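See structure below.
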Amino acid sequence: MSEKEYIHTVTINKKRCIGCTRCLRVCPTKALRIRNGKAIILQDRCIDCGECIRVCPQKAIYSKIDDLDIINNYKHKLLVYSSVLIGQFKKYKNFKKILNLMSYLGFDEIVGVDIGALIISDVIRSFLKHNRDKTYITTNCPAVVRLIQVKYPSLIDNMLPFKNMMDVAGEYLKKEYMKKNQVKEKNIGLFYLSPCPSKAQAVYQPEGEVKRIFDGVFSMEEVYNNLRYIMEKKDIHLDKDIELENVTESSLKWSTLGDVDSQFKDFTSLRIDGIDNVIEFLEEIEEGDFKEIDLVDMYSCQNGCVGGVFTNENPFVCEHRIRHIASSFPDSVDEIPPICEGDYCSLSKPLKPRPVEPIDKNMSNAVKKMKEIEEVFKKLPKLNCSICGSPTCYNLAEDIVLNEDVSIYDCPVVLRRNLRNMAKDLFEMAGRIDPIEEKKDKE
Amino acid sequence: MEKILDFKIKGRDFINAGESTSKMKNYFKKIGISSKIIKRILVASYEAELNVVAHADSGVMEIFVDEDKIVVTVEDEGPGIEDIDRAMQEGFSTASDEVREMGFGAGMGLPNIKRNSDDLEIESEVNKGTRVKMVFNVS
Ligand SMILES: Nc1ncnc2c1ncn2[C@@H]1O[C@H](COP(=O)(O)OP(=O)(O)OP(=O)(O)O)[C@@H](O)[C@H]1O
Ligand code: SF4
Ligand code: SF4
Ligand SMILES: [Mg+2]
């Protein structure tokens, strides 16, 4: 995995795209352009947040993801599911029923991400006790991690040096399974059931890791559909007793709704959700720390992971169901599962920034180009209509200066103004009488 | 030396002070200045801007690029500084009670500017104004 190369899950289906510009306007990192009538993604800017998938009216943007049948390549099949799943079912508001239903998917062992939340919360608490120098940011939402790497490199040191809860849950499940069943790692397939393309991306290319933790990732949408199909079958039994020993109310709520304060009562913690709110907050921390806040838990999606792109239930309804289910669990467990045996909670290597390339490597050239961009920008109408194929007029000015294929005449307003002026000139020119004709007249 | 940005500063206007910060930040990011240096430039410039807001009537901040240096000047019309060496000392402040109530006036601004810049020049004339020039090496 080279540092430079950036694997993305969010992809455009050129055949379906009609170039309507809808996606350009929502992309938080201005990573989209329309070129030759089709949307393209600027690879170094995209953070796989999936906002563009949500709005595309043509369903032309999708996320790469694995097919469920890849589990058959492994002898032992383990699944970590995003606990958001338990809020997706209208029919089942009972946790055990849902788990029973999932047992028909063909995995040998299944755990929710909430177990990762339970384990990592203890690690973070003891870290925060000794580190009160700045506002720390959780690594739970991979889109936020990448946003910071790409746009806020100065905040890299504010990120907690720990794995996100899904990776912790994965490491835990694998270690436990290997110990209990005496199996070798190479015979195990570890999978993740993801609520969003961003976490899928993090499966394919985990930041702060030297190798992949999960062997594959499935979308909640697809698995939900599968489960719906299983639900309709006659011969299923959903009342088997299942032991739920490592589930707590607060770990369930943190891993699904980002209810961070329930996990970190001795600290000041905040949940910030929705990519625009996240950006606003990061800008502010960058310009001066919020010393009174110890921890911020940030989620690209509105309402946290219940608002993930692959979820099918309304996030507010889903939240309500999860709160209901969570309230039947104890607030804490007597013994937190083995923490960091061989330290599987820390990131394997420090997170590194991945800033977008400066407009020129040489600073004085960069300044020159910035001037040119300003000059071009002055000529643009500042309507931010995106019809030119760049998200805003300023982006178009940048694209004109930095990319030779883009012209100021891609702006329909400038084009019309110019055509009008040309027409005026033409009219005036055409109205002049030919000097030769004039002479003839006089004779 | 080429001017890249400028901002007007109004005395007593604590609320809008700092608006320049995000514009400067975005510009510096685009021309590839490292985030550590950006932070230093922003901290020093903000303190200099605040000194105009807190102690003077009005001023301008100008940002220049000079080969591999960023130069920030803040020039104001105001009371000027009587004894610059004294003003540079940590904890020295003549801030009014009103300014102190807003949480400023710890006498840490100028020392902070000194710490964050690679070169600092202050010229001042009593009852006329003050000019602060900060230089930052970026390469
Ligand atoms: N632009 C200025 N015009 C007039 N006097 C100034 C100016 N800048 C600084 N001073 C004088 O120098 C003193 C020290 O400035 P400094 O910035 O170190 O502290 P402060 O502004 O009083 O408090 P703080 O910056 O910690 O809020 C000020 O109290 C003021 O007397
Ligand atoms: S929203 Fe974007 S991807 Fe979808 S059709 Fe419009 S331009 Fe194409
Ligand atoms: S996934 Fe997010 S960052 Fe990437 S192109 Fe779509 S909206 Fe932009
Ligand atoms: Mg000051």
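Filter segment A:47-56 for residues that are closer than 15 Å to A:Ile275 by Cα and either within 14 Å of another protein chain (Cβ to nearest Cβ) or within 13 Å of ligand 2 (Cβ to nearest atom) (or both) and give the result.
Selection gives A:Gly50, A:Glu51, A:Cys52, A:Ile53, A:Arg54, A:Val55.
Among the candidates B:Lys8, B:Lys29, which residue alone is away from ligand 2 (no atom under 16 Å from the Cβ) and under 15 Å from the mean Cα position of the chain (by Cα)?
B:Lys8
How many residues does segment B:23-34 hold that are open to solvent by 40 Å² or more (accessible area, probe 1.4 Å) and at the interface with chain A (Cβ under 7 Å from one of its Cβ atoms)?
2
Residues that are within 15 Å of ligand 3 (Cβ to nearest atom): list the strands (runs of 3 or more DSSP E) wholly contained in segment A:1-99 that include at least 3 such residues.
Counting at least 3 such residues, we get A:10-12, A:32-35, A:38-41, A:61-63.
Name the helices (runs of 4 or more DSSP H) wholly inside segment A:293-406 in which the number of residues that are closer than 30 Å to A:Pro195 by Cα is 3 or more.
Of the helices (runs of 4 or more DSSP H) lying wholly inside segment A:293-406, those with at least 3 residues that are closer than 30 Å to A:Pro195 by Cα span A:315-326.
Looking at (1) surrounded by fewer than 16 Cβ atoms within 10 Å (Cβ to Cβ); (2) away from every other protein chain (no Cβ under 14 Å); (3) within 18 Å of B:Arg115 (Cβ to Cβ), which one does B:Val60 not meet, given that it meets all the others?
So B:Val60 meets the others, but not (3).
How many of the residues in segment A:79-103 are open to solvent by 30 Å² or more (accessible area, probe 1.4 Å) and either modelled with pLDDT of 95 or more or among the aliphatic types (A, V, I, L, M) (or both)?
Result for segment A:79-103: 0.
Do we have B:Met1 as open to solvent by less than 10 Å² (accessible area, probe 1.4 Å), more than 8 Å from chain A (Cβ to nearest Cβ) and either under 27 Å from A:Lys361 (Cβ atoms) or in contact with a strand residue (DSSP E or B) (Cβ under 8 Å, 6 or more places away or on another chain) (or both) here?
For B:Met1, the condition - open to solvent by less than 10 Å² (accessible area, probe 1.4 Å), more than 8 Å from chain A (Cβ to nearest Cβ) and either under 27 Å from A:Lys361 (Cβ atoms) or in contact with a strand residue (DSSP E or B) (Cβ under 8 Å, 6 or more places away or on another chain) (or both) - is not met.
Of the residues in segment A:323-341, how many are open to solvent by less than 70 Å² (accessible area, probe 1.4 Å) and either within 29 Å of A:Glu207 (Cα to Cα) or within 14 Å of chain B (Cβ to nearest Cβ) (or both)?
Count: 5.
Only one of (1) in contact with a strand residue (DSSP E or B) (Cβ under 8 Å, 6 or more places away or on another chain); (2) free of Cβ contacts under 8 Å to residues at least 40 places away in the same chain; (3) away from chain A (no Cβ under 13 Å) is not met by B:Ile15, so which one is it?
Looking at each condition in turn, B:Ile15 falls short on (1).
For A:Asp108, which of the numbered conditions (1) closer than 17 Å to A:Asp261 by Cβ; (2) of a type in the set (Asp, Glu); (3) at pLDDT 95 or above fails to hold?
(1)
Please list, ordered by first then second residue, the pairs with beta carbon atoms under 8 Å, 6 or more apart or interchain, first in segment B:38-63 and among the basic types (Lys, Arg), second at pLDDT below 95 and open to solvent by 10 Å² or more (accessible area, probe 1.4 Å).
Correct list of pairs: B:Lys39/A:Ser154.
The values are calculated or read from the model by the stated rules, or taken from the named source; none is laboratory data. Quick caveat, the model's predicted, so the values are computed rather than measured. Heads up, the Cβs are rebuilt from the backbone with ideal geometry, glycines too, and the neighbour counts pull from every protein chain shown. For accessibility, only protein heavy atoms count, side chains too; no ligands or nucleic acids. Shrake-Rupley method; radii C 1.70, N 1.55, O 1.52, S 1.80 Å.
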